[in-house]
Each structure stands twice: as C-alpha cells, then as structure tokens.
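Data first, discussion second: the structure below is written as structure tokens.
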Amino acid sequence: MIRVGGNAPARGRLEERVQQPTHRDAQATTMSVQVRTFRPEPPLFVPSSMDMPNALDSLVMEARDRLTNLGVFAAAGVAWILVAIVLTTRDPRIDTGAGYVGALLIGLAIGLTTIPIFWLTVFGRHRRIAYRGDWLRAVRRGAWVSVVVAIFVILRLVGAFQPPIALFILALVTVAEATLSVER
C-alpha cells in the first residue's frame with residue numbers, strides 16, 4: 001500500500017497486527033486448501049429414480065441400451081463358443097461342409113461382436129445421447145461386417161482370395177453403407 005503524506009505506522013503496532021505464522025500453521029493452511037481443491041463438497045441432494053418418474057437409472061445410458069449391449073455381447077460369446085467347437089472338432093479338408101459352417105459362424109461371431117461396438121462408438125460421438133435409428137444402423141453395419149468376413153473366409157477356403165477382389169468387396173460395402181447412412 002502506498003501512502004501519500006502522513007506518518008508511517010509505528011513499527012511496534014504493525015508487528016502486533018500481523019502475526020507471523022508458525023511452520024505448523026502454514027502446513028495446516030496449505031493442507032486445508034489442498035483438501036478443498038481436490039475433494040469438493042458432496043451435493044446436498046442427490047436425485048434418485050424414485051424422485052423423478054422418468055429418470056434414467058444411470059446418467060450415462062438407459063437400462064434398455066445397456067441390456068441390449070450385454071445381450072448382443074452374450075450372443076457373440078455363444079457364437080464364439082460355437083466357432084471354437086467347430087474349429088476343434090471338424091476338419092474342413094475331410095468334411096467340406098465344415099469349412100462353410102465355420103465361415104458362417106466366424107462371420108456371425110465377428111458381426112455380433114461389432115454391433116455393440118458400432119453403437120457405443122456412435123453413442124460416444126453423440127455426447128452420450130442415443131438417437132432413434134442408432135441401433136438399426138449398428139445392426140446394419142454389424143451385418144455388413146458379418147457378410148464380408150464370411151465371404152473372405154469362404155474365398156480363402158476355396159483358394160480364390162486375392163487382394164483386388166477383397167478391395168472391390170470392401171469398396172462395394174463402403175459405398176452401400178454410405179448410401180444407406182445418409183442423414184436426411
């Protein structure tokens with residue numbers, strides 16, 4: 001503080017007003033400031049689903065979407081178990097049908113695994129808001145993945161898999177999905 005004119009306060013009186021903090025006081029003050037900055041006060045009222053009739057059970061995702069994700073992941077787990085059974089018990093060189101069954105099961109398993117992943121990606125991109133049609137789009141994309149993987153496995157099985165064919169199939173699927181996904 002700059003004083004213009006007047007007398008400066010006496011030295012003894014200033015020292016009486018300002019007390020020098022001890023090391024213990026400084027540490028306690030620092031700790032209380034740190035605790036307050038790192039641990040905010042809890043809210044006084046936390047709304048529950050009983051308080052509001054249309055409340056979500058989670059502030060992030062509705063129960064319907066969570067159960068759908070878990071159900072599709074469970075179906076994918078069953079499909080992967082079936083893939084493991086077919087791959088360990090049947091030889092496609094001896095039984096020609098085993099290769100096609102294996103290809104379809106691998107395609108189904110990968111497609112079912114990707115459906116919730118596609119939905120969760122869009123859900124996160126939309127700032128955790130589920131819009132109408134997101135599940136339909138995720139199922140459609142999972143079906144595309146399923147078909148493409150099954151075709152690739154079958155082409156590999158019959159010895160006709162080549163990179164240009166694979167790129168052509170991927171380009172067809174990309175154009176078809178881009179056409180179907182246009183937001184109107």
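The residues packed around residue 72, meaning those with a beta-carbon under 15 Å from its beta-carbon, carry a net charge of +3 if Lys and Arg are +1 and Asp and Glu are -1.
Give the shape of the range 63-180 as rounded, prolate or oblate, defined through the alpha-carbon gyration tensor: a ≥ b ≥ c are the square roots of its eigenvalues, a/c under 1.5 means rounded, and otherwise the shape is prolate if a/b is larger than b/c and oblate if not. Because a/c hits 1.5 or more and a/b fails to exceed b/c, the range 63-180 counts as oblate.
Distance from the C-alpha centroid of the range 147-176 to that of the range 78-118: 17 Å, rounded to the whole angstrom. The chymotrypsin sites (Phe, Trp or Tyr not before Pro) of the range 79-178 meeting both criteria, a DSSP state outside H, G, I, E and B (loop) and at most 13 other C-beta atoms within 10 angstrom of the site's C-beta, are 131. The trypsin sites (Lys or Arg not before Pro) of the range 62-113 that meet both conditions, a loop assignment by DSSP and at most 12 other Cβ atoms within 10 Å of the site Cβ, are 93. For the range 127-161, trypsin sites (Lys or Arg not before Pro) meeting the loop criterion (DSSP other than H, G, I, E, B) and having at most 13 other Cβ atoms within 10 Å: 127, 128, 132.
Any read-out appearing in this document is the output of simple, stated calculations on the displayed coordinates, not a laboratory observation. A quick note: this is a predicted structure, and the numbers were derived from the prediction, not measured. Positions of Cβ are backbone-derived with ideal geometry, glycine not excepted, and every protein chain shown enters the neighbour counts.
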